[in-house]
1. What is the extension gain from residue 44 to residue 160, computed as 0.36 nm multiplied by their sequence separation minus the C-alpha to C-alpha distance, in nm to one decimal?
2. Mind checking the angle between helix 70-87 and the chain's longest principal axis? C-alpha axes, 0 to 90 degrees, to the nearest 10.
3. Using modelled amide H (1.01 Å from N, peptide plane; none on Pro or chain starts), what sits under 5 Å from the amide H of residue 32, excluding residues fewer than 5 places away?
4. Give me the percent of DSSP beta bridges within the chain that run antiparallel, rounded to the nearest 5.
5. Restricting things to alpha carbons, tell me how big the chain is in terms of Rg and Dmax, in Å.
6. Roughly how big is the chain's charge dipole about its Cα centre, with Cβ charges of +1 (Lys, Arg) and -1 (Asp, Glu), in debye to the nearest 20?
7. Assuming a ≥ b ≥ c are the square roots of the Cα gyration tensor eigenvalues, decide whether region 124-167 counts as rounded (a/c under 1.5), prolate (otherwise, with a/b larger than b/c) or oblate.
8. Place +1 on the Cβ of every Lys and Arg and -1 on the Cβ of every Asp and Glu in region 124-167, take the dipole about the Cα centre, and give the residue among 132, 144, 164 whose Cα lies farthest towards its positive end.
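No value in this document is a laboratory result; all are computed from the given coordinates. Just so it is clear, the structure is predicted and the values come from calculations on it, not from any experiment. In this analysis, Cβ positions are derived from the backbone assuming ideal geometry, glycine residues included, and neighbour counts consider all displayed protein chains.
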Amino acid sequence: MKMTISGKQMNVRPSLRELAEKKFSKLDRFFRDDAEGSIVFSCRHDLKYIEVTVLSGGTIFRSEVGDETFENSVDRAMEALYAQIRKNKTRLQKRLREGAFDAEDEVEEEEEFRIRTKSFPVKPMSVEEAILQMNLLEHQFFVFRDDRTNEPCVVYRRKDGDYGLIVAET
């Protein structure tokens, strides 16, 4: 896996870079050779954060963890990615490296997805209006049509308290 390591408003010290490379190289057994990953280190709210994203076979794996030390964050992010892969083992087998799982990977997998369908009219509105509507409904996300482009969009509340906007690329 090709891995890019960087820092957001900080320099990543060589020992931390080596630790991240060593820990995340253990995930290579799951991913094909064309997999690409990025690790971004940052400091926010007196915590040391690591954001790991891996793109493999059209599937995105992601973990963002904050802890008191970068070393703890690396360990917890690695555990989170490994747990995601193991929990969805059956669904991911065709997308991951052949023979990625062995006997030690026996875990209880998530049952079939239970999907509740909900429909509602999607009206054109501004991003600000969509955020207001989402907050009034006390939801974590809201689907709407952008009033300028008429494209479907999603606004959502991020873990850090900010808002995000998803715009579909066509």
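1. 40.8 nm
2. Helix 70-87 sits at roughly 80 degrees to that axis.
3. When sequence neighbours closer than 5 places are left aside, the close amide H contacts are 97.
4. 80
5. Rg then Dmax for the chain, in Å: 19.1, 54.
6. 280
7. Working: a/c = 2.31, a/b = 1.59, b/c = 1.45.
Cα axes put region 124-167 in the prolate bin.
8. Result: 164, furthest along the dipole toward the positive end.
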